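Everything on this sheet refers to the single structure shown next.
The values are calculated or read from the model by the stated rules, or taken from the named source; none is laboratory data. This one's a predicted model, so the numbers in the text were calculated from it and none came from an experiment. Glycine also receives a Cβ, built like all others from the backbone with ideal geometry; neighbour counts cover every protein chain displayed.
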Amino acid sequence: EDQVTQSPEALRLQEGESSSLNCSYTVSGLRGLFWYRQDPGKGPEFLFTLYSAGEEKEKERLKATLTKKESFLHITAPKPEDSATYLCAVGILTGGGNKLTFGTGTQLKVEL
Amino acid sequence: GAGVSQSPRYKVAKRGQDVALRCDPISGHVSLFWYQQALGQGPEFLTYFQNEAQLDKSGLPSDRFFAERPEGSVSTLKIQRTQQEDSAVYLCASSLVPSTDTQYFGPGTRLTVL
């Protein structure tokens, strides 16, 4: 059964305190590992897609990495505006499309 | 607008009522997905369209849920005889090409069934 597990469930950081979020997965036929950010009352906002082990992508203070069993979202020197829920999802082929199976998310709070 | 739009943003229904939720995908996007997100959970897949064809409806929780995309653009998710357990945020996403491409999400419709 395809499964995505995120940890920790919640994380509280001081501004400037770097950390990492974990996403472990078991899936047959991975078609991409996706990271999204979700703010309260809004839809998920796309951050990164990773396709193969060893791949890394960066955007501002965020860096995503991928191995065969897990992905990490590294946050360097976070700011309060980085506070959000971060969702990880795996892409699974369906009828020629790519449906996403999500984890439950990591709720990040960055304090001054 | 450039993004995915959904309407209404909020819907309150009495148990047993029928509701219809609308999704306007990004213009030209071939693929359209519906997801259901319960409070504190990640979104869960409901159904997938490629143009007007519904190619996967394996995530629809019961036969009270029905989705359509008759002209390959706007989609409607209909829920008949709503139940309290249907209360959730319903998210629509679209992507330009079917396989591996990024899905862009709308703001969602929050459905509350009383």
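A few notes on this one:
- Which listed residue is polar (S, T, N, Q) and within 11 Å of another protein chain (Cβ to nearest Cβ), from A:GLN38, A:GLN3, A:GLN14: A:GLN38
- Single condition B:HIS29 does not satisfy, out of (1) of a type outside the set (Gly, Ala, Ser); (2) under 21 Å from B:LEU96 (Cβ atoms); (3) outside any strand (DSSP E or B); (4) within 11 Å of chain A (Cβ to nearest Cβ): (4)
- The set of residues in the stretch A:17-35 that are modelled with pLDDT under 95 and either over 25 Å from B:SER94 (Cα atoms) or more than 14 Å from chain B (Cβ to nearest Cβ) (or both) comprises A:THR26, A:SER28.
- So B:ARG9, is it of a type in the set (Lys, Arg) and either at pLDDT below 95 or farther than 24 Å from A:LEU93 by Cα (or both): yes
- Failed item, numbered, when A:SER52 is tested on (1) away from every other protein chain (no Cβ under 14 Å); (2) more than 25 Å from B:LEU91 (Cα to Cα); (3) out of contact with any Pro (no Cβ under 9 Å at 6 or more places or on another chain): (1)
This table checks each residue for (1) closer than 14 Å to B:PRO43 by Cβ; (2) of a type in the set (A, V, I, L, M).
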{"site": "A:PRO8", "(1), (2)": "no, no"}
{"site": "A:GLY43", "(1), (2)": "yes, no"}
{"site": "A:LEU47", "(1), (2)": "no, yes"}
{"site": "A:GLU58", "(1), (2)": "no, no"}
{"site": "A:LEU62", "(1), (2)": "no, yes"}
{"site": "A:SER71", "(1), (2)": "no, no"}
{"site": "A:GLY103", "(1), (2)": "yes, no"}
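- Taking the criterion of being part of a strand (DSSP E or B) and either out of contact with any strand residue (DSSP E or B) (no Cβ under 6 Å at 6 or more places or on another chain) or free of Cβ contacts under 8 Å to residues at least 40 places away in the same chain (or both), the residues of the stretch B:47-79 that qualify are B:THR47, B:TYR48, B:PHE49, B:ALA53, B:GLN54, B:LEU55, B:ASP56, B:PHE65, B:PHE66, B:ALA67, B:GLU68.
- B:PHE45, sole failed condition from (1) surrounded by 14 or more Cβ atoms within 10 Å (Cβ to Cβ); (2) over 24 Å from A:GLY32 (Cα atoms): (2)
- Residue count for the stretch B:1-26 under the criterion of being part of a strand (DSSP E or B) and in contact with a Lys or Arg (Cβ under 8 Å, 6 or more places away or on another chain): the result is 7.
- Within the stretch B:80-114, restricting attention to residues that are of a type in the set (A, V, I, L, M, F, W, C) and part of a strand (DSSP E or B), the residue that is nearest to the other protein chains (Cβ to nearest Cβ) is B:PHE105.
- Comparison of A:SER18, A:SER71 shows that the only residue that is within 24 Å of A:VAL110 (Cβ to Cβ), surrounded by 14 or more Cβ atoms within 10 Å (Cβ to Cβ), out of contact with any helix residue (DSSP H, G or I) (no Cβ under 7 Å at 6 or more places or on another chain) and touching a residue at least 12 places away in the same chain (Cβ under 8 Å) is A:SER71.
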